[in-house]
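K.L.:
Dropping a structure here in structure tokens format, bear with me for questions.
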Amino acid sequence: MDDKKYSDLKLGERGAIVSIIAYICLSALKLFVGTISNSEALRADGLNNATDILASVAVLIGLRLSQKPADKDHPYGHWKAEMVASLIASFIMMVVGIQVLVGAATSIFKGVSQTPDLIAAWTGIFSAFVMYFVYRFNKKLSLKIKSQSVMAAAKDNLSDALVSIGTAVGIIGSQFNLPWMDPLTATVVGLIICKTAWEVFRGASHQLTDGFDEELLNQYKETISQVEEVKEIKDIKARSYGNNVVVDIVIAVDSSLDFNSAHDISSTVENKLMDNHEIYTVHAHVEPYVKS
């Protein structure tokens, strides 16, 4: 199983690399066109893509570190490395998002004297198409390898496509004697950057602090209850190591059973959970059932 997990992480690197290449090209294009066309919104979008480069690099580093096998200092492996990288990326994104908001607010209060050239809008539309195809690629890849970090990257790709569309709309609106729409759109872009940063931070911190989806725990309980010999589920906990779920359960069985029979029941529960829910490891502890 470990070989499959490691090969999936290796495959996930492709998504990060594709994102990095796309973001480098688009951020350079947007910053250049935004500068020559006097578009605050397009420059903000370019800065957004620049932060996405850092975020994608962080994901790539995390994926590579996660492939390191368990060692003396990390007996459970390095699976959480990609979550640490995502956490760092969220901080970077938030800082840039705030910078974009400050710049846009300054432009609004100072007043906008120039209307951006229409080439800025076409650049935004082109960028939206590019990022949509990158999103489709990463989404398909994330579903194939069941990678949360690659799926997060895909969602970021989609948000970038939407941001670029919004940027184009704002620039086009400014052509109709509404120049304030450009910095206003930059404000929206800044808010989207901050929102994305918060979502990345919340997801990464939730995993790093061993938070887990309660609905999934309920599904695990239903699966365990299908084993007739299990009289009671006394406790169940789960945590994630990267994309790998580890479950600890305490079950009660008939107290008259011998040790081997009780062990067989625990093995049945473990295998059933791993097969039905693709759980990485299950640790089942057996206790005698006592009627209350």
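Read-outs: derived from the displayed coordinates by stated rules, not from any lab. Since the model is a prediction, treat every value here as computed from it, not as a measurement. Here the Cβ is made from the backbone with ideal geometry for all residues, glycine too, and neighbour counts use every protein chain on show.
K.L.:
Going by how many other Cβ atoms sit within 10 Å of their own, how do R64, R136 line up, fewest first? Write down the numbers at each step before the final one.
P.N.:
Working: R64 18, R136 13.
Lowest to highest Cβ neighbour count: R136, R64.
K.L.:
Under a 10 Å cutoff between Cα atoms, tell me which one of A85, A104, A252 has the largest fluctuation in the Gaussian network model of the chain.
P.N.:
A252
K.L.:
Given 0.36 nm per residue, what is the gain on full extension from L217 to I108 after removing their alpha carbon distance, in nm? Before the final figure, lay out each step's value.
P.N.:
Working: separation 109, 0.36 × 109 = 39.24 nm, distance 4.93 nm.
Here the segment from L217 to I108 would lengthen by 34.3 nm.
K.L.:
Would you calculate the separation in nanometres between label points at K146 and Y76, each defined as 7 Å from the Cα along the Cα-to-beta-carbon direction?
P.N.:
My value for the distance between the label points is 1.8 nm.
K.L.:
Using only the alpha-carbon atoms, how far is helix 181-208 inclined from the longest principal axis of the chain? Give it as 0 to 90 degrees, nearest 10.
P.N.:
Approximately 20 degrees, to the nearest 10.
K.L.:
Next up: How high is the relative contact order of the chain? Use alpha-carbon pairs under 8 Å, at least six apart in sequence, and give a whole percent.
P.N.:
Values: 491 pairs, mean separation 53.6, N = 292.
Answer for the chain is 18 percent.
K.L.:
Another question, then. Out of all DSSP beta bridges in the chain, what portion is antiparallel? Express it as a percent rounded to 5.
P.N.:
On the way: 10 of 18 bridges.
The antiparallel proportion sits near 55 percent.
K.L.:
When a footprinting reagent is the concern and you count Cβ atoms within 10 Å, what order do M181, M93 take, fewest first?
P.N.:
Details: M181 21, M93 26.
Final ranking by Cβ density, sparse to dense: M181, M93.
K.L.:
Expressed in nm to one decimal, what extension gain is obtained for the pair S7 and H285 from 0.36 nm per residue of sequence separation less their Cα-Cα distance? Kindly include the intermediate steps, with their values, before the conclusion.
P.N.:
On the way: separation 278, 0.36 × 278 = 100.08 nm, distance 3.13 nm.
Here the answer is 97.0 nm.
K.L.:
Say the dipole of the range 24-108 comes from +1 at the beta carbon of Lys and Arg and -1 at that of Asp and Glu; which of Y76, V102, A58 then lies farthest toward its positive end?
P.N.:
Y76
K.L.:
A further question on this structure: Please list, by residue number, every one of the trypsin sites (Lys or Arg not before Pro) in the range 140-224 that is coil in DSSP and has at most 15 other beta-carbon atoms within 10 Å. Let's see the in-between values first.
P.N.:
Numbers: sites: K140, K144, K146, K155, K195, R202, K221; in loops: K146.
Taking the range 140-224 and a limit of 15 other Cβ atoms within 10 Å, the loop trypsin sites (Lys or Arg not before Pro) found are K146.
K.L.:
What do you get for the angle between helix 259-277 and the principal long axis of the chain? Use alpha-carbon atoms, 0 to 90 degrees, nearest ten.
P.N.:
Its long axis makes an angle of about 20 degrees.
K.L.:
Would you work out the relative contact order for the range 14-170, in percent, from Cα pairs under 8 angstrom that are 6 or more residues apart? Spell out each step's value before the answer.
P.N.:
Details: 203 pairs, mean separation 43.2, N = 157.
That works out to 27 percent.
K.L.:
Using label points projected 7 Å from each Cα along Cα→Cβ, tell me how many nm separate R202 and M274, to one decimal.
P.N.:
Reported label-point gap for R202 and M274 is 3.5 nm.
K.L.:
Something else about it: Of the residues Q148, Q207, Q219, which exhibits the maximal mean-square fluctuation in a Gaussian network model of the chain defined by a 10 Å Cα contact cut-off?
P.N.:
Q219
K.L.:
On to the next question. How much length, in nm to one decimal, is gained on full extension between S267 and D248, taken as 0.36 nm per residue of separation minus their Cα-Cα distance? Intermediate values should be presented prior to the final figure.
P.N.:
Details: separation 19, 0.36 × 19 = 6.84 nm, distance 1.29 nm.
Taking S267 through D248 to full extension adds about 5.6 nm, to one decimal.
K.L.:
For the cross-link pairs K30/K139; K80/K234; K10/K144; K10/K195; K10/K140, which exceed 18 Å when the distance is taken from alpha carbon to alpha carbon?
P.N.:
On the way: K30/K139 24 Å; K80/K234 28 Å; K10/K144 13 Å; K10/K195 29 Å; K10/K140 15 Å.
Pairs exceeding 18 Å: K30/K139; K80/K234; K10/K195.
K.L.:
Starting at the first residue of the range 8-17, write each ³J(HN,Hα) from the Karplus equation 6.51 cos²θ - 1.76 cosθ + 1.60 with θ = phi - 60°, in whole Hz, x for Gly and Pro.
P.N.:
Here the 3J(HN,Hα) series is 5, 4, 5, 5, x, 4, 4, x, 5, 5 Hz.
K.L.:
Here is a further query. Quote the relative contact order of the range 214-288 in percent (integer), defining contacts as alpha-carbon pairs under 8 Å separated by 6+ residues.
P.N.:
Working: 114 pairs, mean separation 24.6, N = 75.
Once normalised by length, the contact order is 33 percent.
K.L.:
Here are labelled values, [x] 6, 26, 30, 23, 11, 3, 1, 0, 0; [y] 6, 25, 33, 24, 10, 2, 0; [z] 7, 25, 24, 18, 13, 8, 4, 2, 0, and one is the computed P(r) over Cα pairs in 10 Å bins from 0, in percent for what I pasted. Which one?
P.N.:
[z]
K.L.:
How large is the convex hull of the C-alpha atoms of the range 76-158 per residue, in Å³?
P.N.:
On the way: hull volume 7.5 nm³, N = 83.
Given the Cα convex hull of the range 76-158, per-residue volume reads 90 Å³.
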